[in-house]
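Quick notes on the structure that follows.
The values are calculated or read from the model by the stated rules, or taken from the named source; none is laboratory data. What you are looking at is a predicted structure, and each value in this text was computed from that prediction instead of being measured. Please note: Cβ atoms are built from the backbone with ideal geometry, for glycine as well, and neighbour counts cover all protein chains shown.
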Amino acid sequence: MTIYKDLSPSPRTIMTPGPVEVDPRVLRAMSYPILGQFDPEFTGLMNETMGMLREVFMTGNQWAYPVDGTSRSGIEAVLVSLIEPGDVVLVPVYGRFGHLLVEIARRCGAEVITLEKEWGSVFAPEEIISGIRAHRPAIVAIVHGETSTGRLQPLDGIGAACRELDALFVVDAVATIGGVRVATDEWEIDAVMGGTQKCLSVPAGLAPVTYNDRAEAKLLKRKVIERGLMTAEEAAGRMSGASPTPDFPIQSNYLDLSQLQDYWSPARLNHHTEATSMLYALREGLRLVLEEGLEQRFARHRLQESALVAGIEAMGLRLFGDPAHKMPVVACIEIPEGIDGESVRSMLLGEFGIEIASSFGALKGRIWRIGTMGYSCSKRNVLLTLGALEAVLLRHGAKVDAGAGLQAAMDVYAIGR
């Protein structure tokens with residue numbers, strides 16, 4: 001019989017673009033006693049969570065709630081619920097996660113049209129608007145913050161163009177919500193998908209989403225409640241044909257937003273069993289975001305970014321991508337010629353307990369990615385990472401300006417901008 005040791009994960013400084021370190025207050029919230037999913041005390045927490053999500057998403061939408069699952073579950077829930085077979089879906093792609101939207105949309109039966117940019121750049125909004133007018137899609141789906149390349153896509157005017165042509169505007173804000181401004185209503189976004197494990201500093205396991213009346217109208221046309229949850233009257237209506245099944249019902253049961261919103265409404269449709277401890281975590285994480293203040297939180301992320309970037313450049317390293325559209329929560333660094341990028345990452349983790357990320361696809365082996373997100377986004381972590389990176393690069397024979405990185409970062413902190 002195998003005897004297993006007590007679980008005791010090593011302490012880490014996590015400086016990746018997700019997951020990130022979790023605030024101890026969130027971990028404490030996860031230890032609280034379990035409540036039944038329809039206990040009035042628990043449904044009260046559900047309602048509070050919805051209210052806080054509205055504030056973080058900057059929206060007045062009725063529907064703002066988490067899908068149980070990692071960030072991808074929220075992306076799939078929105079797309080599978082909104083895309084009918086044959087719908088034209090326009091996806092501007094400028095990194096790995098744009099390709100993910102294409103993949104999911106195609107699996108939903110969409111006719112997908114892509115616009116593509118070289119990784120490391122973004123689209124001018126006018127380019128996307130021209131594509132919308134040329135192709136007249138039913139849905140436009142785009143990534144706001146592309147962590148594979150560290151770029152932030154401007155969204156100005158795209159929502160308005162979608163409204164003109166009656167297209168739905170869907171935005172993947174997994175990497176930006178809670179760290180970068182996501183102005184859902186101001187930008188006229190119809191559906192937004194977020195994630196917990198990045199700037200919100202909550203463990204992976206929930207995917208906050210919000211959507212407006214325009215998106216809900218399409219959901220309701222495709223709505224089918226599973227037979228075992230129907231009332232006798234609803235079942236009779238289906239059998240008689242008085243309530244016919246839609247031509248294209250939502251193809252997933254678990255990720256069906258039309259049923260999920262009933263679970264989160266006063267109806268409390270018994271669709272699934274809520275992930276109780278994760279909801280505690282999300283509620284506490286959102287509370288901490290709002291306690292700090294959205295604008296103050298965004299400013300904190302910008303300050304740590306400025307210090308990190310100053311340190312990287314002072315060391316003599318080069319940043320990857322268009323600097324005008326860099327994400328304030330991810331820095332992409334070109335791996336110096338002749339340096340084994342994976343060996344550097346391994347030594348950072350082994351000697352200093354610091355984790356940074358590599359990248360994907362065409363950028364695999366070409367860049368490192370350092371995240372400054374949520375609870376990981378701190379002066380302590382930035383200075384520690386810069387000092388450790390310098391030491392490891394020197395060990396690998398890289399030519400860096402010893403000491404300059406930390407001094408440059410400290411100069412930024414001294415000025416406070």
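Need pairs with beta-carbon distance below 8 Å; first residue closer than 17 Å to Ile312 by Cβ and within the range 336-355, second modelled with pLDDT under 95 and of a type in the set (S, T, N, Q); sequence gap 6+ or separate chains.
Nothing qualifies.
Check whether at least one residue in the range 64-86 is surrounded by fewer than 19 Cβ atoms within 10 Å (Cβ to Cβ), farther than 19 Å from Met193 by Cα, at pLDDT 95 or above and among the charged types (D, E, K, R), and report yes or no.
No, because not a single residue in the range 64-86 is surrounded by fewer than 19 Cβ atoms within 10 Å (Cβ to Cβ), farther than 19 Å from Met193 by Cα, at pLDDT 95 or above and among the charged types (D, E, K, R).
Results for (1) modelled with pLDDT under 95; (2) buried (at least 22 other Cβ atoms within 10 Å of the Cβ); (3) closer than 25 Å to Ala299 by Cα, shown as yes or no for each residue.
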site: Glu334; (1), (2), (3): no, no, no
site: Phe352; (1), (2), (3): no, no, no
site: Ser358; (1), (2), (3): no, no, no
site: Leu386; (1), (2), (3): no, yes, yes
site: Met410; (1), (2), (3): no, no, yes
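Is it the case that the range 323-330 has a residue that's in contact (Cβ under 8 Å) with a residue 40 or more places away in the chain, out of contact with any helix residue (DSSP H, G or I) (no Cβ under 7 Å at 6 or more places or on another chain) and in a helix (DSSP H, G or I)?
Looking through the range 323-330, at least one residue is in contact (Cβ under 8 Å) with a residue 40 or more places away in the chain, out of contact with any helix residue (DSSP H, G or I) (no Cβ under 7 Å at 6 or more places or on another chain) and in a helix (DSSP H, G or I).
If we scan the range 70-92, do we find a residue that is under 24 Å from Ala204 (Cβ atoms), in contact (Cβ under 8 Å) with a residue 24 or more places away in the chain and acidic (Asp, Glu)?
Checking the range 70-92: at least one residue is under 24 Å from Ala204 (Cβ atoms), in contact (Cβ under 8 Å) with a residue 24 or more places away in the chain and acidic (Asp, Glu).
Out of the residues in the range 1-40 that are surrounded by 10 or more Cβ atoms within 10 Å (Cβ to Cβ) and of a type in the set (Val, Ile, Thr), which is farthest from Val174 (Cα to Cα)?
If we take residues in the range 1-40 being surrounded by 10 or more Cβ atoms within 10 Å (Cβ to Cβ) and of a type in the set (Val, Ile, Thr), then Ile34 is farthest from Val174 (Cα to Cα).
Among the residues of the range 61-90, count how many are over 28 Å from Thr114 (Cα atoms), within 20 Å of the chain's Cα centre (by Cα) and not in a strand (DSSP E or B).
1
Considering only the range 96-112, I want to know if a residue exists there that is crowded, with 24+ Cβ neighbours inside 10 Å, in a loop (DSSP other than H, G, I, E, B), among the aliphatic types (A, V, I, L, M) and not assigned by TED's automatic domain parsing to the domain that holds Thr372.
yes
Taking Gly338, is it in a loop (DSSP other than H, G, I, E, B), over 24 Å from the mean Cα position of the chain (by Cα) and not assigned by TED's automatic domain parsing to the domain that holds Asp68? Before the answer, list the steps.
On the way: in a loop (DSSP other than H, G, I, E, B): yes; over 24 Å from the mean Cα position of the chain (by Cα): yes; not assigned by TED's automatic domain parsing to the domain that holds Asp68: yes.
It is true that Gly338 is in a loop (DSSP other than H, G, I, E, B), over 24 Å from the mean Cα position of the chain (by Cα) and not assigned by TED's automatic domain parsing to the domain that holds Asp68.
Out of the residues in the range 184-215 that are of a type outside the set (A, V, I, L, M), closer than 28 Å to Asp247 by Cβ and surrounded by 20 or more Cβ atoms within 10 Å (Cβ to Cβ), state the one that is farthest from the chain's Cα centre (by Cα).
Going residue by residue through the range 184-215, those that are of a type outside the set (A, V, I, L, M) are 184-188, 190, 194-199, 201, 203, 205, 208, 210-214.
Imposing the further condition that a residue be closer than 28 Å to Asp247 by Cβ reduces the set to 190, 210-214.
Still in the list and also surrounded by 20 or more Cβ atoms within 10 Å (Cβ to Cβ): 190, 210-212.
Details: Asp190: 16, Thr210: 13, Tyr211: 15, Asn212: 19 Å.
Of everything passing the filter in the range 184-215, Asn212 is farthest from the chain's Cα centre (by Cα).
Please verify whether Leu319 is crowded, with 21+ Cβ neighbours inside 10 Å, closer than 25 Å to Val182 by Cβ and touching a residue at least 12 places away in the same chain (Cβ under 8 Å), treating the condition exactly as stated.
no
Return the residues of the range 341-380 that are of a type in the set (Ser, Thr, Tyr) and part of a helix (DSSP H, G or I); say none if nothing qualifies.
Residues satisfying the conditions are Ser343, Ser346, Tyr375, Ser376.
Do you know which residues across the range 393-410 are in a helix (DSSP H, G or I), farther than 30 Å from Val202 by Cα and hydrophobic (A, V, I, L, M, F, W, C)?
Within the range 393-410, Leu393, Leu394, Ala404, Ala408 meet the criteria.
So which helices (runs of 4 or more DSSP H) stay within the range 230-321 end to end and still have 2 or more residues that are at pLDDT 95 or above? Give the steps one after another, and end with the answer.
Working: elements: 232-240, 257-263, 276-292, 294-314.
Here the list reads 257-263, 276-292, 294-314.
Does Asp256 count as in contact with a Leu (Cβ under 6 Å, 6 or more places away or on another chain), in contact (Cβ under 8 Å) with a residue 12 or more places away in the chain and either closer than 26 Å to Ala167 by Cα or of a type in the set (Val, Ile, Thr) (or both)?
So Asp256 does not fit the description; no.
Just one of Thr2, Thr16 is among the β-branched types (Val, Ile, Thr), within 22 Å of Gln153 (Cα to Cα) and not assigned by TED's automatic domain parsing to the domain that holds Arg268; which is it?
On the way: Thr2 fails: within 22 Å of Gln153 (Cα to Cα).
Result: Thr16 is the single residue among Thr2, Thr16 that is among the β-branched types (Val, Ile, Thr), within 22 Å of Gln153 (Cα to Cα) and not assigned by TED's automatic domain parsing to the domain that holds Arg268.
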